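Undergrad: Take a look at the following structure, please.
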Amino acid sequence: MKKEQVVNSQFSVWYPLFKKHTIKSLILPLPQNVIDYLLDDGTLVVSGSCENNNQCSQTNNSDSEEEEDIQWSDDETTTVATAPEFPEFTIKVQEAINTLGGRIFPKLNWSAPRDANWIALNSSLQCQSLSDIFLLFKSSDFITHDLTQPFLHCSDDSPDPVINYELVLRKWSELIPGGEFRCFVKENKLIGISQRDYTQHYQHISKQEASISSSILQFFRDHIQHQFPDEDFVLDVYRDSMGRVWLIDFNPFGEVTDSLLFTWEELTSGNNLTASDTEALQDGPAFRYTTSEVTVQPSPCLSYRIPRDFLDLSTGEDSYKLIDFLKLKKGQQEEEEESDSEAEPHVDTT
């Protein structure tokens, strides 16, 4: 995977080329102070809410951040974390949301905060305000990766391209997970199709295997092939109940993208991608889906509901965290022993 491939898979790069085949969306530049707020690793205090737009516009002519408030009491000083405010940006976002019908699906240049849906109301990524978006973005490792390490898995060692970060607002659409598929394209040839939500078994996929594969392949040939800036890429599509295929997203062809029911060794080498994978077309792509309830798995995003430090400790991935944890436990034990000795009653032997 090259850095140029990552750049080309940004939403603002491909959307103008394929906008008539995908969901209506609006793109807003992300101000630097908003980026700083999203990367702030302090207390989660959600910004972006405003009772009325007039109040926001009168607060300040430019986006500004509030400092922490200090509240005094008789006994101690209490620090209350206050959410920073971005009046102008809040107004722009709300106007865009209203233009798109009042409900949107948010993402950055590449990623959506799918790993943070657990923190949202009804575990949905549907947003109606900037505060809804901020809650998801500040809770998402996917968003943090976009902002800090977009070229992490690239093989070339050239300087990282300059990225202009953007907030993407997509008109909310009720997509049935069983209709989503990920397509892998190598040298402008569709080589593999995977069920997107591979953790569940959808009976209609096995019954409609040939027509699903055929319709996706036809959509690719008619609208995508040789139109995307790269010859190796990944695209997500949605096939509705009428059999029409819609473009959802593009991703780089590499390990940063989840290969789902394939492995990246298979996709890059071509091994095991044979006609036995699909009965749709003899020269068509390999088509893989969950075939029975026996293979149903928990969603991989469930792990993001657990603090990262806990996961590192439980899997032993971070030895330094384990050492710190053991030191902490030892210190607590020593404190308990000291407190126990001080609490022992004094015996007068005279």
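Undergrad: Name, by its number, the condition in (1) in a helix (DSSP H, G or I); (2) surrounded by fewer than 19 Cβ atoms within 10 Å (Cβ to Cβ) that does not hold for ASN164.
TA: The single condition ASN164 does not satisfy is (1).
Undergrad: In addition: Hey, does the stretch 132-141 have a residue that's assigned to a loop (DSSP other than H, G, I, E, B) and not small (Gly, Ala, Ser)?
TA: There is at least one residue in the stretch 132-141 that is assigned to a loop (DSSP other than H, G, I, E, B) and not small (Gly, Ala, Ser).
Undergrad: Oh, and also: Of the residues in the stretch 89-133, how many are aliphatic (A, V, I, L, M) and farther than 20 Å from SER173 by Cβ?
TA: The qualifying residues number 3.
Undergrad: Would you pick out the residues in the stretch 239-250 that are farther than 14 Å from LYS24 by Cβ and aromatic (Phe, Trp, Tyr)?
TA: Selection gives PHE250 alone.
Undergrad: Looking at (1) outside any strand (DSSP E or B); (2) under 30 Å from LYS3 (Cα atoms); (3) at pLDDT 90 or above, which one does ASN117 not meet, given that it meets all the others?
TA: (3)
Undergrad: Which one is surrounded by the most Cβ atoms within 10 Å (Cβ to Cβ), of the residues in the stretch 167-212 that are charged (D, E, K, R) and assigned to a strand (DSSP E or B)?
TA: Restricting to residues being charged (D, E, K, R) and assigned to a strand (DSSP E or B), the top hit is ARG182.
Undergrad: If you don't mind, there's one more thing I want to ask. Name the pairs whose Cβ atoms lie under 7 Å apart, with the first residue in the stretch 135-164 and touching a residue at least 40 places away in the same chain (Cβ under 8 Å) and closer than 12 Å to TRP110 by Cβ, the second outside any helix (DSSP H, G or I) and of a type in the set (Ser, Thr, Tyr), and 6 or more positions between them or separate chains?
TA: That search, which allows pairs on different chains as well, returns ILE143/SER111; LEU147/TYR165.
Undergrad: Ok, one more. Do we find a residue being of a type in the set (S, T, N, Q) and under 17 Å from the mean Cα position of the chain (by Cα) anywhere in the stretch 151-162?
TA: no
The values are calculated or read from the model by the stated rules, or taken from the named source; none is laboratory data. If you're wondering where the values come from, they're calculated on a predicted model, not measured in any experiment. Cβ sites come from the backbone with ideal geometry, for glycine too, and all protein chains shown count toward neighbours.
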